[in-house]
Every structure is written in C-alpha cells, then in structure tokens.
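Novice: Following this message is one structure expressed as structure tokens.
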Amino acid sequence: MTIVDTEIRPDVFGAARLGYIVVESRRLTDWNRFGADAIGLHVDELTRDTLRFRLDDRECRFLVQRGPAEDVIAAGWEIDDHETFEIVLGRVAAAGLPVTEGSPEEAALRGVERLWRFPGPKGIATEVFTRARTTAAPLRMRNTAFVTGRSGMGHLAITTTRPEQLHTYWNNLLDLRLSDRIVERVGPAKLNIRFLRSGQRHHSIALANVAGLALDPVRTSVQHVNIEIATLEDLLAGFHRVTELGFAMAWSIGQHTNDRELSYYCVTPSGFELEVGWNPVVVTPEREETWEPATYQGISLWGHTTAGAGVAALMSRFQAAVRSLREQEETVPALSSTALGSHR
C-alpha cells in the first residue's frame, strides 16, 4: 500500500460507487422469503448460514450472514482503478486508521477479487475493492431489471446525531458532492436531510438529523437501503407482493421532492427499511457542470403516507432515541476532520 502525497489533493469524485452491503441476521428464512418472493430478487442460498442477493450480473449485491446484529455491518465501495484505489487507501493511512485486507473467503462471499476494510461511521465497516466478479448464470427474479452499472447498487440513508462529522468523513474519503437538502417537519420536530452523490446517481449517501436535538430514533445503523428498479410495472407489482405476503410496509408509494424518484419503503426482516425506487433524476456530466444544491421543504410531492406503526415499532423508536442520548455515536474522528480536505 502506497501513501500518496496529499499536498495537492486529487479529486476522486466519480470514481467510486456503492457495490454491495453486508447484513448480519438470525432471520435467514425470513430474508430468503422477503428477497425472493416479496421484492423479487435473485437469491442464492449458499449455506444454511449465508444468503446472497443479485440484481444484475454481479455475483453479490446483498450478503446476508447469520449473526446477532440484525443490521447492516459493512458497505463495499467499488473503486474504478488501482491509482484511485491507492489514493483512497492513502487518505485512510494518513489519518492513522487501521486497514486490513479481507480474507480470500470474505472476498469470495462478497463477489469481489480482493477487498480492504477500515472503520466507518456508526459501526458500519467501510470496504473498498476494484474488481467485482460477474456471472453468466441467468437471473431468477420477478423483475425485468435493476438500474446499477456506473451508478452502483443504490444508496444508504443514515440517521445521525453528528451530521457534520459524517458528511466530512465521506467527503475526506471519496470527495462526495452535496446534491441538495430537505427540511421535513415531523410533528413539532424538524428533520434535516442532506444528499451526497459519488457520481451520476443523485445520492449514494443520505444523512438525516433531528434539528437541535442530539437524538437518533432509529435502532439500526442505517435507516434504509435503496435499490432502483427499471420499470414502473415492476415497482407496482413489488409493492403488492410485499403487502400480500404480510411484510410490513413503512411508507406507501410516493414521489420525492428533490430527486423525483417514485418509491415505496418496506421493513426488512432485520428492522431497517428497504426503499425500492424508479426513475430518479440523474446528474449527467452536462448537469454536473451547472448543478447547484437546493433546499426542499418536505420529503414528498405526494404519497409516502405511513402504513401504520404498531406499538412495538413506536416503543423501539422511543428506546433508540433514549439510548442515543446516553451513548456516543461512532463518527471515526480520524477521517472526520475538516483539516483533511475541502468540504464540498
């Protein structure tokens, strides 16, 4: 691993994208049914302790492994080339963070040739790789296609009590750019959301915080994971399958104000939400030249109505909020300093 000279800081924007996520759960039977029957993904049951979901020709987009967390425990970021890869690892090394290479078995499970791992915010390990493994095996799924490619697999939405530190972490690591912001009223509280893009996808990371209050009402490290479906027909069919099979629907179909994506949000067997979306705004190279971040009032133009939270769900949010008041959120201070890079 080479530590690069950071006197003249290279900009790696556009050279990285979300490649996969790793989930730890004891509910693999539910995950299998949720992924294959409800969302309509291709599911490979590797062992009784390991599931993989495919969206495209990649061997793995979701890795679900047996364990107690019921949460996303790692996110894999694909880097375009070895030169950019060395720049990214150089930034991590210069910050003094420990970097470990994943074992060949870990890389194989994630469908990549090699990977390196280091700490990420909220306990989600950040993993980086350059070469993903593809397969010619036909997709067995209930959908026509998903939108991936240069846009990556989708995005992560994270609630946080330290939005500036998390924003700075991703800026220092991958030079993500601010797409826009949303201010959402939730009863007497105000939710501030910022959307960060790594390339043409409108955002790969969304960060939400309750204005003026250092509390986090979400138990899991991510609030939701997003995937983008290719057709409106498949979006609607998936929505009906989720409800008909008895999985919880968090938010009905609606359209967002900022990226104009149509989507619904359902609850995964581990408790975080999955957003399935269609036809969001794409920040093309032509748009990139003149893009200016805006602030939108409200998260939805229409729809996205609550599907009704049960008493257990409401108690879980209350307990998570109370816990966040007494526990220190992991922000990876070594990479969360504005002195390390410009804040875009």
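Novice: Can you tally the net charge around L191? Count Lys and Arg as +1, Asp and Glu as -1, for every other residue whose Cβ sits under 12 Å from the Cβ of L191.
Specialist: Result for the local shell: +2.
Novice: Could you work out the relative contact order of the chain? I mean the mean sequence separation of Cα pairs under 8 Å and 6+ apart, divided by the number of residues, in percent.
Specialist: Worked out over the chain, it gives 19 percent.
Novice: Separate question: Express in nm, to one decimal, how much length is gained between V99 and R181 on full extension, taking 0.36 nm for each residue of separation and deducting their alpha carbon distance.
Specialist: 26.3 nm
Novice: Can you give me the distance in nm between label points at L232 and W302, each placed 7 Å from the Cα along the Cα-to-Cβ direction?
Specialist: 1.1
Novice: What dipole magnitude, in Debye to the nearest 20, does the chain give about its Cα centre under +1 on Lys/Arg Cβ and -1 on Asp/Glu Cβ?
Specialist: In total the dipole reaches around 820 debye.
Novice: For H82 and E327, what is the calculated FRET efficiency with R₀ set at 45 Å and r taken between the beta-carbons, to the nearest 0.05?
Specialist: Working from the Cβ atoms, E equals 0.70.
Novice: Kindly report the accessible area of segment 144-302 per residue (heavy atoms of protein chains, probe 1.4 Å, no ligands, DNA or RNA), in Å².
Specialist: Spelled out: the 1.4 Å probe surface of segment 144-302, per residue, equals 38 Å².
Novice: Next question. If you line up the Cα atoms of the chain on their principal axes, what length do they span on each, largest first, in Å?
Specialist: Over the chain, Cα extents along the principal axes are 56, 50, 44 Å.
Novice: So how exposed is R27, as accessible area in Å² (1.4 Å probe, rounded to 10)?
Specialist: The accessible area of R27 comes to roughly 110 Å².
Novice: Would you mind telling me the share, in percent, of accessible area of the chain contributed by carbon and sulfur at probe 1.4 angstrom?
Specialist: 53
Novice: Still on this structure: For W116, tell me the accessible area in Å² from a 1.4 Å probe, rounded to the nearest 10.
Specialist: Roughly 50 Å² of W116 is accessible to a 1.4 Å probe.
Novice: Moving on to the next point. How high is the FRET efficiency between A211 and A108 when r is their beta carbon distance and R₀ equals 45 Å, given to the nearest 0.05?
Specialist: Rounded to the nearest 0.05, the efficiency is 0.55.
Novice: Right, another one. Under the √(5λ) rule applied to the eigenvalues of the Cα gyration tensor, what semi-axes describe the equivalent ellipsoid of segment 14-166? Give them in Å, descending.
Specialist: Result for segment 14-166: semi-axes of 26, 18, 15 Å.
Novice: How much area per residue is accessible in segment 47-90 when the probe is 1.4 Å and only protein heavy atoms are counted (Å²)?
Specialist: 33
Novice: Given the Cα-Cα distance of H240 and R66 and 0.36 nm per residue of separation, how much length would full extension add, in nm?
Specialist: Roughly 59.8 nm would be gained on extension.
Novice: Another one. Once the dipole of the chain is set up with Lys and Arg at +1 and Asp and Glu at -1 on Cβ about the Cα centre, which of S25, G199, A189 lies farthest towards its positive end?
Specialist: Most positive-ward Cα: A189.
Novice: Suppose accessible area is computed on protein heavy atoms with a 1.4 Å probe; arrange W31, W251 from highest to lowest.
Specialist: W251, W31
Novice: Counting pairwise Cα distances across segment 199-245, what percent come out greater than 11 angstrom?
Specialist: 78
Novice: Relative contact order for segment 155-288 using alpha-carbon pairs under 8 Å, separation at least 6, rounded to a whole percent?
Specialist: Over segment 155-288, the number comes to 24 percent.
The values are calculated or read from the model by the stated rules, or taken from the named source; none is laboratory data. Just so we're clear, the structure is a prediction, and the values are computed from it rather than from any experiment. Here the Cβ is made from the backbone with ideal geometry for all residues, glycine too, and neighbour counts use every protein chain on show. Surface areas here come from the heavy atoms of the whole protein model, side chains and all, with no ligands, DNA or RNA. Shrake-Rupley method; radii C 1.70, N 1.55, O 1.52, S 1.80 Å.
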